[in-house]
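Take a look at the structure below.
The values are calculated or read from the model by the stated rules, or taken from the named source; none is laboratory data. For clarity, every value in this text was computed on a predicted model and none was experimentally measured. Reconstructed Cβ throughout: ideal geometry from the backbone, glycine too, with neighbour counts over all protein chains shown. Each accessible area value is taken on the protein alone, full model and side chains, heavy atoms only, with ligands, DNA and RNA left out. Shrake-Rupley method; radii C 1.70, N 1.55, O 1.52, S 1.80 Å.
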Amino acid sequence: MKFVLYFTNKKSECTGCGACAATCPKNCISFIYDDEGFSYPVADDSCIKCGKCYDVCPVINSKIGDLSSFNQFCVAGRHKDDNIWEKSASGGAFSAICQAYCEEGDAIFGAKFEELKVIHDCVYSLNDITCFRKSKYVQSDAKDSYNKIKYMLGNNQKVLFSGTPCQVAGVRNFLGKEYKNLLCIDLVCHGVGSPGVFERYVKFLEKKYGSKLLSFTFRNKNVKMGRLLQYVIMMEFENGMRIEDEEDLYNTAFIQALFLRPSCGKCKFANINRVGDITLADFKKKHELLPEAKELDNFSTIIINTRKGQEVFEKLQEFMKLYSIKIDDVVRTNPPLRLPSKMNNSRDYFFYDLKMGEAIDQVFKKYIAIPRLEKRIWMIIPDRVRGAIKRRIKWIRK
């Protein structure tokens, strides 16, 4: 016999972080995918009702220590190494933090693709962190990471963990105490996409192009007519075909929140009180907020939340060109720092049509909203010109 565990009594609030399964003394909790393609905890009849799973749930309990005693501050910047910047989604801050904090042999945890499924994994060399770069708009499976982290910390090994805020909170709850040799990086998260939807989309792509899909890269950078395109998808197939797509259906539907996990619409971590030592995000409105940074490139936002984070920050200038930024501007331009993701009004219809067996490309096309003409015109204006216009409007309004 099996029974589903929803510790808040609401399935819509479970983040799927995996901390409950990791802490179970009877190993009786497994994760089962529902018909939307998200996994939820299920316990079998060997459960002894010890309550440990309840205690580590980050939705119910946030045992993250007192981060409020530190005066948060924020910078924006870009990695000095052009090669690292090109391989990163934003400004290469994750790589720089790894360089500033880790030495060879230290454990670095992050999300990567493995056979086109997103999982959390660990590497022990800075040369191997490439797999963790770039965004993955699919929820990762981090369950195997928890006990590995605890074992390494117990053996005085230095560990860096990066993930969504609910995953970072899950790690902290699971550990139950602070460790000097643990650095946590949380991401400003717009929500996580359905692994089931992505799996179905991969099958569609393989049928469409007649070959096995080997890699799918989100946010492949491209410069076009004075604009830095940051959301270009790059796909590589077994037959040697290589495709770049500015209007990929999955990516567009994700950005429009068509298939986010239900808990993302109620996220308790969508605020400026962060769970990580360091928070990373895209730096929005660069040409508006930093007109002195004239290069056509994108930056990372780096929010320092703890003294441990500050110690790493003090070494970052060796690897990054940094600018001081007002934290109010960062909150204003990054909605997930002040409120949860707004779920698409067509979300339920989208999943209903998929359940009814409609082709995934047709369901995407049916519910993806086409931007208004004025927005499409605005988006083709060069980045620096748009920044100048916004600064001018802001000056007039004063």
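Miscellaneous remarks
- Odd one out for Gly176 among (1) of a type outside the set (Lys, Arg); (2) closer than 30 Å to Asn251 by Cβ; (3) open to solvent by 20 Å² or more (accessible area, probe 1.4 Å): (2)
- Helices (runs of 4 or more DSSP H) lying entirely in the stretch 16-122 (those with 3 or more residues that are among the small types (Gly, Ala, Ser)): 19-23, 93-101
- Tally, over the stretch 340-358, of residues that are small (Gly, Ala, Ser) and over 26 Å from Phe269 (Cα atoms): 1
- Residue match in the stretch 35-45 (condition: modelled with pLDDT of 90 or more, open to solvent by 30 Å² or more (accessible area, probe 1.4 Å) and of a type in the set (S, T, N, Q)): no
- A single member of Leu249, Leu183, Leu175 is farther than 23 Å from Ser95 by Cα and in contact with an Asp or Glu (Cβ under 8 Å, 6 or more places away or on another chain), and it is Leu249.
- Selection count where residues are within 22 Å of the chain's Cα centre (by Cα) and in a strand (DSSP E or B), scope the stretch 283-321: 6
- Inspection of the stretch 337-345 identifies at least one residue that is open to solvent by 40 Å² or more (accessible area, probe 1.4 Å), of a type in the set (Lys, Arg), within 13 Å of Val188 (Cβ to Cβ) and touching a residue at least 40 places away in the same chain (Cβ under 8 Å).
- Selected residue (only one of Gln317, Gln310 is free of Cβ contacts under 8 Å to residues at least 24 places away in the same chain and farther than 30 Å from Arg200 by Cα): Gln317
- In the stretch 324-333, residue most open to solvent (accessible area, probe 1.4 Å) [restricted to those that are touching a helix residue (DSSP H, G or I) at 6+ places or on another chain (Cβ under 9 Å) and outside any helix (DSSP H, G or I)]: Lys326
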